[in-house]
Structures are given as C-alpha cells and as structure tokens.
Amino acid sequence: MNRSRFVEHVAWTGAGIAYTLGAGGLFTGRAVAASASAVNFVQISDSHIGFHQAANPDVLATLDRAITAINAMPEQPAFVVHTGDITHLSTPQQFSDAKSVLSKLRAPLIALPGEHDVLGNDFKPYMSNFRMPQAQPGGWTSWETDGVHFVALLNVFNFEKMGLLGTDQLDWLARDLAGLPKSMPVVVFAHVPLYALFPEWGWTTDDGSKALALLARFDSVTVLNGHIHQIITHTEGNITFATADATAYPQPKPGAAPKPGPLTLPPDDLLRAIGYRTVAVDGYGGRYEDHALGS
Amino acid sequence: MKHLYLALALLAPAMAGAATPPPAVRMVDDAFSPATLTVDAGTTVVFTNRDDDAHTVTAVDGTFDSKGLDSGASWSHTFTKPGTYRYFCELHPFMKGTIVVKAVRA
C-alpha cells in the first residue's frame with residue numbers, strides 16, 4: 001500500500017480565502033485542524049464481479065482485499081460508497097457474489113449502478129440488491145451527514161448517448177439543491193464522469209453540463225466518479241472532479257491505446273494499479289487519498 | 001473410377017453450399033467487424049464476442065438486444081424485414097454497426 005497519493009483541492013471558505021492542501025500528503029496546519037470535524041468516507045469502484053479474463057482472473061479476491069483493508073482502518077468511515085459496475089454482466093449470480101463480499105464491510109454501504117449493472121436498461125436486479133437509502137423512483141438520492149450534502153446521481157441509462165441524467169433527474173437535482181446555502185460543501189457521486197473527459201471512449205455525460213450549472217453556485221463541490229478504472233482529476237471553478245481506480249483492473253489512459261479495454265499487467269503490477277480511496281470533507285472542501293492494494 | 005469422378009462432380013456444389021458459414025459479425029478490439037454487413041431478408045446473422053471485455057448488440061430502434069455477451073459468447077438474430085438496422089454496444093457506445101437487409105425476389 002505504498003502508493004498513497006494525496007490530491008489537493010482548493011476550497012473557498014465563506015470569507016473567500018483559498019486554502020490549498022499541499023501535494024505529497026502534507027496538510028497545512030489549519031487544514032489538519034479543520035479535518036478533525038470532517039465527514040470521513042471511503043470510495044470503491046468498478047469491481048466487475050463475473051469478469052474472468054487475464055487482466056484479473058479473480059475479481060472477487062481483489063474486492064475482498066480492498067474490504068479487508070477498509071475494515072482494518074482504526075476509525076471506521078461514515079460509509080463506503082461504491083460508484084458502480086459492481087457486476088460485469090448484471091446476472092443474478094454476479095449480484096449475489098458481489099453482495100456476499102460487500103456485506104463484510106463494517107461501515108454502511110451505498111452502491112450506485114454502473115452501465116454493467118443495468119444491462120438492457122433493466123435496473124430491477126440492481127435495485128433489489130443495492131437500492132440506496134431514500135432512493136427516488138429513478139434510483140438517485142441525496143442526504144446530509146454532519147453539514148455536508150451528498151448527492152448520488154445515476155447516469156448509466158440510454159447509454160447510446162454515453163452517460164445521460166435525463167430531465168426527471170435534473171429537475172429533481174434542481175429542487176434538491178435549491179434550499180441549500182452556498183457555503184455548504186457538496187459531494188456528488190456518479191458512475192460516469194459528468195464532464196467530457198474523453199467522449200471518444202464514452203467517458204462523458206451527455207447532459208452533465210446541466211448538472212454542473214446547478215452546482216456552480218456552491219463554494220465547494222467534489223464530484224467522485226468511477227467508470228474509467230484510473231485516477232484523473234479535473235477542476236472547473238469551485239468544482240473538483242476525481243475518477244477512482246477500480247478494484248478489478250486498470251484501463252488505458254485516454255487515447256493512449258487503440259481501445260479502452262482491460263489492461264493486462266503482471267500480478268504485482270495489477271495490485272498497484274487497483275485500490276480504494278479515503279475521503280474527508282469539511283467546510284474547507286474535500287480531500288482524498290488513494291490507496292493501492294499492493295506495494 | 002469414372003463413376004466416382006462423376007459423383008464427386010455432382011456433389012461438389014452441394015458440399016460447397018454446406019460449408020458456407022452463416023453471415024457473421026465479430027466483436028474484436030472494441031469494434032464490430034465488419035462494421036456494415038449486407039444480407040438477404042430471412043438471414044440469420046451470428047454475432048460473436050472475441051474480445052476480453054463484455055459487449056452487447058443493441059438495436060438503435062430497440063427491435064433487438066443481445067443483452068450482455070461475455071468473452072467468447074455468441075448470439076444470433078434473424079433479419080426478416082428489408083431495411084437498414086443500426087446497432088451499437090450498450091457498454092461501449094462508440095462501437096457501432098449496421099446490417100443492411102435486402103428484399104429477396106420470389
């Protein structure tokens with residue numbers, strides 16, 4: 001677990017002062033003080049239970065390894081969020097296998113679907129296994145934990161248009177955010193990146209800009225995604241984006257290969273290319289650290 | 001021996017017909033190959049996933065959908081009505097293909 005990256009996030013306080021958390025894992029003194037009251041959670045993603053090719057012949061074992069590491073954290077996170085592609089082909093057996101491993105988590109699980117979990121635009125199997133708390137009929141939801149507003153969006157239907165949120169969800173999001181003060185930290189989860197990260201490979205959300213317009217007024221927004229099996233960060237105004245490593249296998253950097261399919265690495269290298277993310281969010285914004293499964 | 005040659009000559013066309021594989025589309029390197037396939041109405045097309053990732057064969061107009069095809073899996077569909085059928089992979093929307101179905105004259 002030697003690959004422990006710390007990615008900085010510039011957050012504006014209500015007084016309009018920018019705090020930059022240093023790269024390389026160095027917190028500023030004020031940031032450390034602020035993090036004491038932070039909401040701490042963990043993100044995992046893209047487990048692809050049922051995948052059995054050379055890139056990772058045992059995806060259940062690597063997911064289990066991530067869960068073991070999370071369960072060993074001395075202070076358990078408020079929750080663990082899985083940002084989608086829990087299964088590879090949405091089959092009952094794959095959902096059952098995923099559930100049996102994920103149920104080992106000590107912390108509560110919140111699991112979003114990826115496009116692999118709703119094949120045929122059918123999200124009943126996902127909903128019957130992993131429906132999120134207080135989910136709307138469309139599956140999306142929001143909640144507040146210790147002054148932080150969390151939103152879980154679904155953008156994996158009608159996938160011909162890449163990711164798509166749709167009018168119903170965007171209308172709900174507008175209502176959901178309407179009464180919140182701009183100083184409230186907002187964290188958004190979705191499977192597919194909400195901005196045009198690499199549309200050539202489907203790494204975008206067709207109507208994502210409409211959601212980002214609704215989020216733009218807040219002082220600090222952190223958007224955490226999966227889908228692309230690697231860590232890529234991006235900033236637009238006060239919105240910071242970070243995609244996550246998978247627990248299954250990595251994918252090529254955007255455009256670095258002829259196709260985005262699974263990358264096959266030597267076994268030791270695989271464990272260094274997959275992992276989980278710890279996140280802390282407070283009034284200064286979001287900070288996160290990525291942990292590989294191998295050293 | 002003369003009769004044997006004659007028998008082989010008569011059988012040859014039938015044997016050639018029997019050996020002709022059905023029209024096929026392969027999924028290789030996140031692409032449908034061939035990207036466009038023209039067949040007669042009533043033809044069954046076999047789609048085979050030769051990739052190391054899952055794919056689907058999903059009609060843009062919703063008339064057919066293979067659902068998830070694991071690596072090595074095949075799925076077939078019979079195209080009965082003439083027309084142009086566009087399809088894509090639900091998991092990789094940049095993968096697009098077309099089946100052109102021609103009318104068969106009686």
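Quick look at the numbers
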quantity: Of all residues in the stretch A:249-262 being modelled with pLDDT of 95 or more and within 11 Å of B:Asp53 (Cβ to Cβ), the one that is surrounded by the fewest Cβ atoms within 10 Å (Cβ to Cβ); calculated: A:Pro262
quantity: Search result, residues across the stretch B:38-58 that are more than 23 Å from A:Ala55 (Cβ to Cβ) and within 10 Å of chain A (Cβ to nearest Cβ); calculated: B:Thr58
quantity: When residues of the stretch B:30-77 are limited to those that are touching a Leu at 6+ places or on another chain (Cβ under 7 Å), more than 16 Å from B:Val101 (Cα to Cα) and surrounded by fewer than 20 Cβ atoms within 10 Å (Cβ to Cβ), the one modelled with the lowest pLDDT; calculated: B:Lys67
quantity: A:Ile232 being within 30 Å of A:Ala256 (Cα to Cα), under 12 Å from the mean Cα position of the chain (by Cα), of a type outside the set (S, T, N, Q) and more than 14 Å from every other protein chain (Cβ to nearest Cβ); calculated: yes
quantity: Residue in the stretch A:273-286 that is polar (S, T, N, Q) and under 20 Å from A:Leu154 (Cα atoms) present; calculated: no
quantity: Only one of A:Thr222, A:Thr235 that is of a type in the set (Ser, Thr, Tyr), crowded, with 23+ Cβ neighbours inside 10 Å, in contact (Cβ under 8 Å) with a residue 12 or more places away in the chain and part of a strand (DSSP E or B); calculated: A:Thr222
quantity: Filter result (in contact with a Lys or Arg (Cβ under 9 Å, 6 or more places away or on another chain) and either surrounded by fewer than 24 Cβ atoms within 10 Å (Cβ to Cβ) or of a type in the set (S, T, N, Q) (or both)) within the stretch A:112-121; calculated: A:Gly120
quantity: Residue tally, condition free of Cβ contacts under 8 Å to residues at least 40 places away in the same chain and away from chain B (no Cβ under 14 Å), over the stretch A:139-172; calculated: 14
quantity: Of residues in the stretch A:56-91 being crowded, with 17+ Cβ neighbours inside 10 Å and hydroxyl-bearing (Ser, Thr, Tyr), the one farthest from A:Pro125 (Cα to Cα); calculated: A:Thr62
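The values are calculated or read from the model by the stated rules, or taken from the named source; none is laboratory data. Because the structure is a prediction, the values reported are computed rather than measured. Note that we place each Cβ from the backbone using ideal geometry, even for glycine, and neighbour counts take in every protein chain shown.
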